[in-house]
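Every read-out reported here was derived from the displayed coordinates using simple, explicitly stated rules and does not represent laboratory data. Nothing here was measured: the structure is a model prediction, and the numbers come from that model. Every residue, glycine among them, receives a Cβ derived from its backbone with ideal geometry; neighbour counts consider all protein chains shown.
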Amino acid sequence: MFTLISYDVVHDRRRQRLAKLLAGHGQRVQYSVFECELTSLQLTRLMREIGQIINPQCDSVRIYRLDEAAVGRIMIVGVGSVTQTPTHYRL
């Protein structure tokens, strides 16, 4: 499922580790935002790995799962486009 992941991580080292992890699962679309295509199992594993990197007392990771209809309503103002990896979405 199309998954949008954004983060706010306080320390540089943790932020770099998280960005590297997410880059292995999707496309960076802004500095701290990734678009990914993940199965439920992949998301479960990724969330476990995220939990090992961040400090939940001061860091924040937001994960949005978007169905086909929601992906079709994504609007971008300015430069960029929705990641086209999932070919079954109509944009």
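Values as computed for the structure displayed
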{"item": "Residue-span extension gain [residue 42 to residue 60] - 0.36 nm each, minus C-alpha spacing", "result": "4.5 nm"}
{"item": "Degrees between helix 12-23 axis and first principal axis of the chain (Cα, 0 to 90, nearest 10)", "result": "30 degrees"}
{"item": "Total formal charge among the other residues, if their Cβ is under 14 angstrom from that of residue 1, Lys/Arg +1 and Asp/Glu -1", "result": "-3"}
{"item": "Region 2-72 - percent relative contact order, Cα under 8 Å, separation 6 or more", "result": "52 percent"}
{"item": "Among 15-23, 1-9, the order from most to least packed when residues are scored by Cβ within 10 Å on average", "result": "1-9, 15-23"}
{"item": "Helix axis angle, 40-53 relative to the chain longest principal axis, alpha carbon, degrees", "result": "30 degrees"}
{"item": "Helical contribution to [θ] at 222 nm, DSSP H n ≥ 4, -39,500 (n - 2.57), averaged over the chain, rounded to 500", "result": "-10000 deg cm²/dmol"}
